[in-house]
Amino acid sequence: MTPANFDGLMPVVIFMGLAVALFVGGHFASVLLAPKKPSHLKSTPYECGEQPVGSAWSMFNVRFYVVGLIFIIFDVESVLMFPVAAIFRELNDMGHGGYALIVFLSFISILIEGIAYCWKKGDLDWVKSFQVSTKNNK
Amino acid sequence: MNQTVVSYLSQYEFYDVLLAAFGKNEGLLAFAIYLLGGVIIVGLCATIGGLGTFAERKISADIQQRLGPNRVGPYGILQFLADGVKMMTKEDVMPFTADKMLFYLAPMLALVGVFATLAVLPFSSGLMMADLNVGIFYLIAISSLVGVSVFLGGYASNSKWSMLGGMRGASQIISYEIPVTISILAVTLLAGGMSFGTIMSHQRGLPTNWFIFHNPFAFIAGFVYFIGALAETNRAPFDLPEAESELVSGYHTEYTGMRFGFFALAEYIEVFVVCGVGAALFLGGSNLPFDISFDIIPLQLLEVVIFMSKALALYYVVIWIRWTFPRLRVDQLMAICWKYLTPIAIFNLIGCAVWVVVFNGKSIAELIFGH
């Protein structure tokens, strides 16, 4: 067996383990060193000195939630584009550069179409998305 | 040729001695070397993160004509140690309304996400923990954990400020991941591979071989990457998730003591990581400006110094930007991401693809000077 067999994910796991170890160690030190005088008032959520009104887990107008949906599309498409980008040079050296470019561009054009549609519908604006949604609700 | 620590050391004679000492067990030896290297790199980066907080305060003081911290140690340079000790000895307060498990989990996720990215950071051609063949892709994926931790921290606190900060953080971090990813795609396309080893080997030699000077599109992609990286690490002018003048402290309002310390540490190390990745992808990373046929360990140290100086120069720019520009509004932030940076990044990607086909992958310098 060569050392190359161990070049895989072992360092990654070690680094994650170090992060957890640092977290647990820091916590342990804090438990040992820090004072503990809990009180009800101290453990209320911070609301600038006022009594907190209700829970923070309430109905909340998340602007840009459509952005989350576009993000998923972009993310999946970039996952699919990474392998193509990685072998693009190789394809070009083999003489299939023009063909690869056309395929690549037609794939990206789907992305551009998606963002253009979202932009036109006003999902990328703060105010206009509000107006569009109320107009549709009437 | 980039390689991991173990495969680099295995070309020397003392590797066989070590191997004999470990009873010919290569797996155990590799584990020991990785563990030692991991502790060294984590220690180094944690110190850089700590010094980052000091540098931030000192540089901001310079910009605003103040003195900054100057009491602990020479020039106040040990201030970060004093801060760390203070955080450790502060009482740990948790809101009674909080989701306890997620509240505990959030800072740990931030640390894990940041430390896992250190594993693929190419400090030099021999000092690199894991040369994964999907290196840069892995880095993008694993650094998303920080975004999750920001949202979890905001949600689990059950405080209105934290909730707003967490929501902003989630939408900002996922949005800016798109221009960053597409800029990195352009580099992948030019290098013809996703591993840091491949990307570095294409930038060997003079600065004209760096990817930022490869073609005009890559030049713009470098800037798009840097702006997006600022936003992904919640740095000013994009520090809306923790905007102290409007949201108290954003997603870590309810975090006290050591847990706040972990969030701060993770944030400062992440800034170093994105600067290091920027240096590796666009600025030639740890490559020496001249070709040498032999390979000795002091040369590796020189490469580490080159990589560090590039990354820390970018780190300085990040701090400089923070104390120069005012903070953006939320809608301006999203407009910059989706209406400017993303179309520009896609344009760069198409430009790079066309460039590779038309000029057969040659850089501007190669076209002009023809070698």
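The values are calculated or read from the model by the stated rules, or taken from the named source; none is laboratory data. Being a predicted model, the structure only gives us computed values, none of them experimental. All Cβ positions, glycine included, derive from the backbone under ideal geometry; neighbour counts span all protein chains shown.
Looking at region B:149-158, is at least one residue on the phi > 0 side of the Ramachandran plot and either more than 10 Å from every other protein chain (Cβ to nearest Cβ) or not in a helix (DSSP H, G or I) (or both)? Checked against the condition, which is being on the phi > 0 side of the Ramachandran plot and either more than 10 Å from every other protein chain (Cβ to nearest Cβ) or not in a helix (DSSP H, G or I) (or both), region B:149-158 yields at least one hit. Candidates in region A:80-105 are the residues that are hydrophobic (A, V, I, L, M, F, W, C) and more than 8 Å from chain B (Cβ to nearest Cβ); of these, the one that is farthest from B:THR181 (Cα to Cα) is A:MET94. Within region B:312-371, the set of residues being loosely packed, with under 14 Cβ neighbours inside 10 Å and among the charged types (D, E, K, R) comprises B:ARG329 only. Cβ-Cβ contacts under 8 Å between residues 6 or more apart (or on different chains), taken from a first residue in region B:234-254 that is farther than 13 Å from B:VAL150 by Cβ to a second residue that is in a loop (DSSP other than H, G, I, E, B) and β-branched (Val, Ile, Thr), are listed as B:GLU254/B:VAL93.
Taken over region B:90-127, residues that are in a loop (DSSP other than H, G, I, E, B) and of a type outside the set (A, V, I, L, M) amount to 12. Go through (1) touching a helix residue (DSSP H, G or I) at 6+ places or on another chain (Cβ under 8 Å); (2) modelled with pLDDT under 85; (3) more than 22 Å from B:SER249 (Cα to Cα); (4) not assigned by TED's automatic domain parsing to the domain that holds A:TRP119 and name the single condition A:ALA56 misses. If we test A:ALA56 against (1) touching a helix residue (DSSP H, G or I) at 6+ places or on another chain (Cβ under 8 Å); (2) modelled with pLDDT under 85; (3) more than 22 Å from B:SER249 (Cα to Cα); (4) not assigned by TED's automatic domain parsing to the domain that holds A:TRP119, just (3) comes out false. If you check B:GLY222, B:GLY285, B:GLY261 for being surrounded by 24 or more Cβ atoms within 10 Å (Cβ to Cβ), touching a Gly at 6+ places or on another chain (Cβ under 9 Å) and not β-branched (Val, Ile, Thr), only one passes: B:GLY285. From the list B:PHE196, B:PHE213, the lone residue that is out of contact with any His (no Cβ under 9 Å at 6 or more places or on another chain), more than 15 Å from B:LYS362 (Cα to Cα) and in contact (Cβ under 8 Å) with a residue 40 or more places away in the chain is B:PHE196. Restricting attention to region B:128-142, the residues that are at pLDDT below 85, more than 8 Å from chain A (Cβ to nearest Cβ) and either outside any loop (DSSP other than H, G, I, E, B) or surrounded by 23 or more Cβ atoms within 10 Å (Cβ to Cβ) (or both) add up to 2. When B:LYS90 is tested against (1) within 12 Å of another protein chain (Cβ to nearest Cβ); (2) free of Cβ contacts under 8 Å to residues at least 12 places away in the same chain, just one condition goes unmet, and that condition is (2). In the set (1) at pLDDT 85 or above; (2) under 19 Å from the mean Cα position of the chain (by Cα), the condition left unmet by B:LEU152 is number (2).
The residues in region B:82-97 that are more than 30 Å from the chain's Cα centre (by Cα) and of a type in the set (D, E, K, R) can be counted, and the count is 1. Do you know which of the residues in region B:319-347 that are among the aliphatic types (A, V, I, L, M) and closer than 24 Å to B:THR53 by Cβ is farthest from the chain's Cα centre (by Cα)? Restricting to residues being among the aliphatic types (A, V, I, L, M) and closer than 24 Å to B:THR53 by Cβ, the top hit is B:LEU328. Filtered by the rule that a residue be in contact (Cβ under 8 Å) with a residue 60 or more places away in the chain and within 13 Å of A:PRO11 (Cβ to Cβ), region B:121-138 gives B:LEU121, B:PRO122, B:PHE123, B:LEU127, B:MET128, B:MET129, B:ALA130, B:ASP131, B:LEU132, B:GLY135. Note on region B:203-219: among residues that are part of a loop (DSSP other than H, G, I, E, B) and buried (at least 21 other Cβ atoms within 10 Å of the Cβ), the one that is modelled with the lowest pLDDT is B:GLN203. Just to verify a result, which residue in region A:18-44, among those that are in a loop (DSSP other than H, G, I, E, B) and of a type in the set (Ser, Thr, Tyr), is farthest from the other protein chains (Cβ to nearest Cβ)? For region A:18-44, the residue satisfying everything is A:SER39.
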